[in-house]
Each structure stands twice: as structure tokens, then as C-alpha cells.
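The block underneath contains the structure these notes are about, expressed in C-alpha cells.
The values are calculated or read from the model by the stated rules, or taken from the named source; none is laboratory data. For clarity, every value in this text was computed on a predicted model and none was experimentally measured. Cβ atoms come from the backbone with ideal geometry, glycine included; neighbour counts cover every protein chain shown. Just so you know, the surface numbers come from the protein's heavy atoms only, side chains and all, with ligands and any DNA or RNA stripped out. Shrake-Rupley method; radii C 1.70, N 1.55, O 1.52, S 1.80 Å.
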Amino acid sequence: MDDLVLQYAIEIGFLGLLGIIYYFYEKRKLLNYEKNKIPLVANFILQACLTEKSEQPQPELDSLILTLDDFLKETNPTFPAPQLKEFAHSLSCPDELREIILEGLKELDNKNG
């Protein structure tokens, strides 16, 4: 009987230890994701902008692409949120790109708010 209780106590202790290790692993993974959230969203918006870019010159979109690229290459340390909002609300922004930009900005606002 004592061996059975000891065996259960060891198993419960082992499972508890595994739970604690898993908790810290997931916490580290989540903190790493939150740290890299702004570059991930910026990269996603940049890819959407490059997809919408056509052969014809579009000065606003070209400027936005360059600004996002500078941010991702770390030559510009600030995220171009005002320029993204301005472009998203302009008439030259396609509807699909507008939705992507506004959703990305909303995701970043959720992080800060």
C-alpha cells in the first residue's frame, strides 16, 4: 500500500514538473511573439502592398512601400502608422488593401491598448 502511494506521489510530482516546464516554454514563446509582432505585421502589410502594385506608377503606394521597407531594414526606427492610416483612407487605396492595412493597425492597437 505504501509503495502504491509513493508511486502516485512520484507520478504526480513528475507531471507537475512537466506542467511547470511547459508553462515557462509557452510563456517564453508568447513573449517572443509579442516582441516581434510589429515587424510581422509590417511585413504582412508590405507583402499586400507589393501584391497590389501595378506596372503604372502609383506615388502614394510606392512611397508607402519604401517607408515600410526602410522600417523593416531598420533604417527608420518608427513604425509608419500615420502614413498607413492616411493611405488607407485615401481614394487611391484598393478596398482589399485598405482592409488589410486597417486590420494590421487594429492588431497593433490591441497590443498597445
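Taking Cα centre as origin and charging only the Cβ of basic (Lys, Arg, +1) and acidic (Asp, Glu, -1) residues, the dipole magnitude of the chain rounds to 320 debye.
Within the chain, the proportion of Cα pairs with more than 25 Å between them is 43 percent. Lysine pair count for the chain (Cα-Cα distance under 13 Å; residues 8 or more apart in sequence or on different chains): 6. The ellipsoid that matches the Cα gyration tensor of the stretch 63-113 has semi-axes, each √(5λ) in whole angstrom, of 18, 16, 8, with the longest given first. Among 14, 54, 81, pick out the residue whose Cα is farthest towards the positive end of the charge dipole of the stretch 1-85, where Lys and Arg carry +1 and Asp and Glu carry -1 on C-beta, about the Cα centre. Value computed over the given set: 81. Pairs of Cα atoms nearer than 8 Å and 6+ residues apart set the relative contact order; for the stretch 46-95 it is 34 percent. Listed peptides 54-63, 86-95 appear in the order 86-95, 54-63 once ranked by packing, highest mean of other Cβ atoms within 10 Å at the front. Phi-derived couplings, Karplus 6.51 cos²θ - 1.76 cosθ + 1.60 at θ = phi - 60°, listed residue by residue for the stretch 12-19: 5, x, 5, 5, x, 4, 4, x Hz, with x used for Gly and Pro. For helix 59-72, report the angle its Cα long axis makes with the longest principal axis of the Cα atoms of the chain; keep it between 0 and 90° and round to the nearest 10°. Taking Cα atoms only, the helix is inclined about 30 degrees.
Per-atom-type breakdown for the chain gives carbon and sulfur 61% of the accessible area (1.4 Å probe, protein chains only).
Here residue 47 and residue 17 are evaluated by their C-beta separation; at R0 = 41 Å the FRET efficiency comes out at 0.45.
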